[in-house]
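K.L.:
Questions regarding the structure given below will be posed in turn.
The values are calculated or read from the model by the stated rules, or taken from the named source; none is laboratory data. Being a predicted model, the structure only gives us computed values, none of them experimental. With ideal geometry, Cβ positions are generated from the backbone for all residues, glycine too; neighbour counts draw on all protein chains shown.
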Amino acid sequence: MRILFLATWFPYPPDNGSKLRAYYLLRGLAERHQVTLLSFAFATARPDAPGELRDWCREIQVAPVDPFALNQAGSLRTFLSPRPVASRPVPAMSQLAAQALRGQPYDAVIASTGMMIDYALQAPPGTVKVLEEHNAMTRWAWERYQEAAGVVERARRWLSWRKGRRYEARTYPRFDLITMVSEADRRAAVDAAGRRSPRVEVVPNGVDCAHNRPGLAPPQPTSLVFNGSLTYSANYDAMQWFLAKVYPSIKAQAPDVTLAITGSTKGVDLAGLELDDSVRLLGYVDDVRIPVAGAAVAVAPIRQGGGTRLKILEAMALGTPVVATSKGAEGLEAVDGQHLLLADDPQRFADAVLRLLADDVLAARLRRNARQLVEERYDWDAIGRRFAALVEQTVTRKRANSHE
């Protein structure tokens with residue numbers, strides 16, 4: 001089959017969650033199909049050195065713009081916009097998609113994240129359209145509305161949720177297949193689409209178990225790691241909460257403890273974080289496996305957002321025990337006390353971290369069980385093949401229906 005894959009993030013290097021997902025799904029598609037990749041290219045993207053993508057893709061074209069920055073708007077313009085501001089089409093990508101669709105017929109067009117919806121819907125009738133969404137954004141928007149304090153802030157967040165909800169209700173039924181990363185996100189998508197909902201399936205996030213393997217670095221006895229960029233609001237909130245309410249209790253019992261935080265801090269309000277000399281901001285690292293493998297405990301104190309956490313899967317694959325909130329582990333088939341430790345209260349979260357720092361037997365059991373879990377359930381090889389099979393089934397079904 002000929003497949004047009006539309007990516008928000010250029011997948012190389014695969015150095016954040018969205019890029020990793022697109023990277024491995026592309027690999028799964030390219031094993032049996034001809035894939036053309038159209039993508040925005042910004043931040044750390046290297047379209048000039050696309051690595052394995054050059055071998056996987058028949059053609060690669062990019063729009064060298066940051067759609068998030070381009071679609072930023074002031075509060076008044078955001079308020080008055082009838083649709084989510086981030087979803088507005090970027091002319092450079094609209095032109096690339098139109099040219100590609102005029103150039104040859106495609107069996108399927110895949111929009112990787114909701115930002116690419118408008119471009120996928122340019123495809124002619126008869127072309128299978130797939131939305132490969134990473135999480136249900138309106139589910140997250142609804143959670144943010146419920147947490148808001150103050151009349152003005154609640155009204156602003158309710159309006160944001162309502163716009164997203166209407167946009168999804170209008171666009172989701174125009175796709176033949178939607179994939180989400182968790183069952184909660186799948187249910188949210190079906191609910192948003194209403195009676196005209198297309199097929200919605202779960203294609204979870206995964207981890208490359210061959211690339212991420214135990215033993216890459218010796219763990220330091222009192223070291224913690226959070227492998228998530230603070231530029232993402234859910235990660236910033238997680239560290240703000242952890243540093244203010246959890247970390248002091250850990251330090252009181254383990255004065256030598258250290259915390260490493262990976263990922264970009266560009267534009268981040270560091271003054272809003274209770275940092276001290278024991279906290280190291282590593283910034284962008286070429287190989288995030290090393291600081292994660294070298295930690296005694298990986299923390300995932302996530303309190304908002306949707307989807308499933310690649311940071312947890314990576315730590316499990318690397319053999320680093322995990323302490324997470326229930327929200328952080330949402331969507332994963334991980335059992336508290338068997339694969340990781342869960343805690344939502346600040347003191348209980350601190351106690352769980354301290355238990356792992358002190359109990360080598362418990363840490364070893366979690367490492368062993370977690371590695372088995374990711375090998376059996378979350379390896380990207382199997383997930384990529386499942387995604388490709390879903391696309392193939394959808395194309396076959398649409399062709400059969402067109403001949404009836």
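K.L.:
Hey, can you tell me all the residues within the stretch 112-141 that are outside any loop (DSSP other than H, G, I, E, B), surrounded by fewer than 20 Cβ atoms within 10 Å (Cβ to Cβ) and of a type in the set (A, V, I, L, M, F, W, C)?
P.N.:
Hits for the stretch 112-141: nothing passes.
K.L.:
Then there is this: Out of THR113, THR138, THR127, report the one residue that is in contact with a Phe, Trp or Tyr (Cβ under 9 Å, 6 or more places away or on another chain) and in contact (Cβ under 8 Å) with a residue 60 or more places away in the chain.
P.N.:
Among THR113, THR138, THR127, only THR113 is in contact with a Phe, Trp or Tyr (Cβ under 9 Å, 6 or more places away or on another chain) and in contact (Cβ under 8 Å) with a residue 60 or more places away in the chain.
K.L.:
Tell me, which residue of the stretch 167-183 that is acidic (Asp, Glu) and part of a helix (DSSP H, G or I) is surrounded by the fewest Cβ atoms within 10 Å (Cβ to Cβ)?
P.N.:
By that ranking, first place goes to GLU183.
K.L.:
Among (1) more than 20 Å from the chain's Cα centre (by Cα); (2) of a type outside the set (Lys, Arg); (3) within 14 Å of LEU275 (Cα to Cα), there is one condition LEU230 misses while meeting the rest; what is its number?
P.N.:
It is condition (1) that LEU230 fails.
K.L.:
Residue under question is GLY305, and the condition is that it be assigned by TED's automatic domain parsing to the domain that holds LEU26 and either within 22 Å of the chain's Cα centre (by Cα) or free of Cβ contacts under 8 Å to residues at least 24 places away in the same chain (or both); does it hold? First the steps, then the outcome.
P.N.:
On the way: assigned by TED's automatic domain parsing to the domain that holds LEU26: no; either within 22 Å of the chain's Cα centre (by Cα) or free of Cβ contacts under 8 Å to residues at least 24 places away in the same chain (or both): yes.
For GLY305, the condition - assigned by TED's automatic domain parsing to the domain that holds LEU26 and either within 22 Å of the chain's Cα centre (by Cα) or free of Cβ contacts under 8 Å to residues at least 24 places away in the same chain (or both) - is not met.
K.L.:
Suppose we keep only residues that are in a loop (DSSP other than H, G, I, E, B) and more than 13 Å from the chain's Cα centre (by Cα) within the stretch 1-24. Which one would you say is nearest to GLN122 (Cα to Cα)?
P.N.:
Selected residue: MET1.
K.L.:
Moving on. Looking at the stretch 184-208, which of the residues that are without any contact (Cβ under 8 Å) to a residue 24 or more places away in the chain and of a type in the set (A, V, I, L, M, F, W, C) is surrounded by the most Cβ atoms within 10 Å (Cβ to Cβ)?
P.N.:
The selected residue is VAL200.
K.L.:
Can ARG371 be described as modelled with pLDDT under 95 and not assigned by TED's automatic domain parsing to the domain that holds ARG144? Walk me through how you get there before you give the answer.
P.N.:
On the way: modelled with pLDDT under 95: no; not assigned by TED's automatic domain parsing to the domain that holds ARG144: yes.
Spelling it out, it is not the case that ARG371 is modelled with pLDDT under 95 and not assigned by TED's automatic domain parsing to the domain that holds ARG144.
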